[in-house]
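Remarks on the structure that follows.
Read-outs throughout are calculated quantities, based only on the coordinates presented, and are distinct from any laboratory measurement. Only a predicted model underlies this, so the values are computations on that prediction, with no experimental measurement involved.
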Amino acid sequence: MSKDYYNTLGINKNASPDEIKKAFRKLAHEHHPDKKSGDEAKFKEINEAYQVLSDPKKRSQYNQFGSAFEHGQAGGGPSGFEGFNGGFNINMDDLGDIMGGFGDIFGFGNSSGGRRRARRGSDIEVILNIDFKDAVFGVEREVSLKKSVACPRCKGNGAEPGTGLETCSTCHGSGRVIKTQRTILGSMQMQSTCPTCQGEGKIIKEKCHQCKGGGVISEIADLKIKIPAGVDNGETIRYSGQGEAVAGGQAGDLYIKARINPDKRFTRQGFDILSKVEIGVAIAALGGKIEVETVDGVVELKILEGTQSGRVIKLKGRGVPYINSRNRGDHLVEVIVKTPIGLSRKQKDILKELGI
């Protein structure tokens, strides 16, 4: 009887390669033989269906002839299903994804001969409020954090000073134990993390009195944080190794997320700074010089004769510094011509005469 591989994976005939792989992984996890709820026969059916439908050539032949071609009715040879005669034809790349939690049993996943991955502490994220000008030029701030740090008494190894560590009697220092395991490939000798030393190869003779053998303690840490010039609102700065410490491993990282306090005088647009300045009708008409505020202090701005309201004047190089560069953006000043009010009759007559 012809097998319906699409029905086996619970997909339709127009399923994409990604949909096929997703369905396979889900079912493979569900029916894996090493799980209590696993079903070896069902797992075999799922794998057989996937091996056909994931291969464009085999899928095309299957769509044309059905599963009968596995017995040579579609030409046999390398493109057929000779690999399914009572065994498993598994793509090892997919096997790594299927195993998930079983990876440690097989010793897959790294190049260190099956040893477990190095421990790493958790990362910490902190939101830091920064004044506008400090964000432009950079600033050094002190941040106090309650976090895990290496125990100062035992230097993080968890052993009471003077007692040290001894070789684990279970794994004899290798950090791994070997056992025979029934797998989808038959009975195999597998490596797994030593349950006694958790892969360290060493055990503590006497636990540290301060950290109780944990290797880390919780304390308030005062950190000096350097905020780089040019940081923008919402940007995150990473400080390597300043996160949570972990025994026998590398500390996590600290992430500072900048929240820039607004400044009523300035706004930021990329690396440019924007501001507005009001001038009277006379200076707008005749021109002259005025003083304007910038992040560098008060500077002189030249107003050309006949300047219209809304004109933008550029102060080159007075903006925000580019990251890791000496160059800066510009300060753009929008000129607003202020309409006079409360004029005397004489002043009004003069304006009428001028046609303003």
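What the table shows:
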item	result
Too-long pairs where the Cα-Cα distance tops 27 Å, listed order kept, from LYS264/LYS316; LYS289/LYS348; LYS257/LYS314; LYS226/LYS302; LYS226/LYS289	LYS257/LYS314; LYS226/LYS302; LYS226/LYS289
Length added when fully stretched, ARG259-SER60, from 0.36 nm per residue minus Cα-Cα	66.0 nm
All lysines inside 25 Å of LYS202 as judged from Cα atoms, apart from same-chain residues fewer than 8 positions distant	LYS155, LYS179, LYS212
Cα gyration tensor, the range 287-327 - rounded (a/c under 1.5), prolate or oblate	prolate
Stretch gain in nm, segment ILE341-LYS133, where the contour uses 0.36 nm per residue and the Cα spacing is subtracted	71.3 nm
